[in-house]
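Have a look at the structure below before the remarks.
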Amino acid sequence: MSRLNEFGQPIGDALPDGWTPPPLPSRMTLAGRVVKIVPMDAEAHGAALYEAFKLDETDAGWTYMANGPYSCLADFMTWLKTAAVATDPMLFSFLNAQSGQPVGYGALMRIDARMACIEVGNLRMSPLQQRTPMSTEAIHLLADYAFKLGYRRFEWKCDSLNAPSRTAAERLGFTYEGTFRNAMHYKGRSRDTAWFSITEDEWPAIREAQQAWLAPDNFDQNGIQKQRLAELIQQARG
């Protein structure tokens, strides 16, 4: 039930006493069981990332990215060297925690510390990371980092026609909030943007479910999941 002000109008919940905006994110390192997140280093990671993305022989993975595809390493490096030093989006490399091999990248972006909102985006995961626990753990680590800093809202946005991205957001526990029509344009075409979010009050249950899914005992000897993440999130939410 909404609170009412002195005029009888409904108003939102009060912020906790002493609440202050969270700090800006830093170029930190986050270590998980299967993936490690490190600040993007174009020279150290660029060539390996380019080779990992080439495993997608059709280049379909670049369709919904604002950049790419790239016909040669030099072109990719030109983009990456600029992207790696930006502060928003703040780009990170995803490494296989066991081998140290770069397998993808993503960013914290549209950072609004004053309103305590932050977005995960610019996600480009190679076939080495796609459909593996590394992809789930990468988002889990970034979300947990943001909420521990004090952010109240963790966003995911994508082209409304990008079905795999929409499915991934919902699987991870993000809530669909609506579509902004003609929100932007890229690569000579218009984009309607689908918005998803996790809020701070939802995160504890989602965090618990993601951790349960990522646990080694949730996978059999062949690496096949025993329980689906969507089921675990539903259970955690009660």
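Anything in the stretch 207-231 that is surrounded by 15 or more Cβ atoms within 10 Å (Cβ to Cβ) and in contact (Cβ under 8 Å) with a residue 40 or more places away in the chain? List them, or say none.
Arg207, Gln210, Gln211, Trp213, Leu214, Phe219, Leu229
Quick check: is even one residue across the stretch 201-209 in contact with a Cys (Cβ under 8 Å, 6 or more places away or on another chain) and under 21 Å from Leu142 (Cα atoms)?
So far as the stretch 201-209 goes, no, none of its residues is in contact with a Cys (Cβ under 8 Å, 6 or more places away or on another chain) and under 21 Å from Leu142 (Cα atoms).
Please work out if Lys54 is charged (D, E, K, R) and in contact (Cβ under 8 Å) with a residue 12 or more places away in the chain.
No.
Rundown of residues vs (1) under 26 Å from Asp13 (Cα atoms); (2) touching an Asp or Glu at 6+ places or on another chain (Cβ under 9 Å); (3) among the charged types (D, E, K, R), yes/no style:
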position	(1), (2), (3)
Pro133	no, no, no
Ser165	no, yes, no
Asn182	no, yes, no
Gly188	no, no, no
Asp192	no, yes, yes
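Picking from Ser93, Ser99, Ser71, which residue would you name as being of a type in the set (S, T, N, Q), without any contact (Cβ under 8 Å) to a residue 60 or more places away in the chain and either touching a helix residue (DSSP H, G or I) at 6+ places or on another chain (Cβ under 7 Å) or at positive phi (or both)?
Of the residues listed, the single one that is of a type in the set (S, T, N, Q), without any contact (Cβ under 8 Å) to a residue 60 or more places away in the chain and either touching a helix residue (DSSP H, G or I) at 6+ places or on another chain (Cβ under 7 Å) or at positive phi (or both) is Ser93.
Only one of these conditions is not met by Thr78: (1) over 17 Å from Leu128 (Cβ atoms); (2) outside any loop (DSSP other than H, G, I, E, B); (3) hydroxyl-bearing (Ser, Thr, Tyr); (4) in contact with a strand residue (DSSP E or B) (Cβ under 6 Å, 6 or more places away or on another chain). Which number is it?
(4)
Any residue at all in the stretch 177-193 that is in contact with a helix residue (DSSP H, G or I) (Cβ under 8 Å, 6 or more places away or on another chain) and at pLDDT 95 or above?
No.
The values are calculated or read from the model by the stated rules, or taken from the named source; none is laboratory data. Because the structure is a prediction, the values reported are computed rather than measured. All Cβ positions, even for glycine, are placed from backbone atoms using ideal geometry, and neighbour counts span all protein chains on display.
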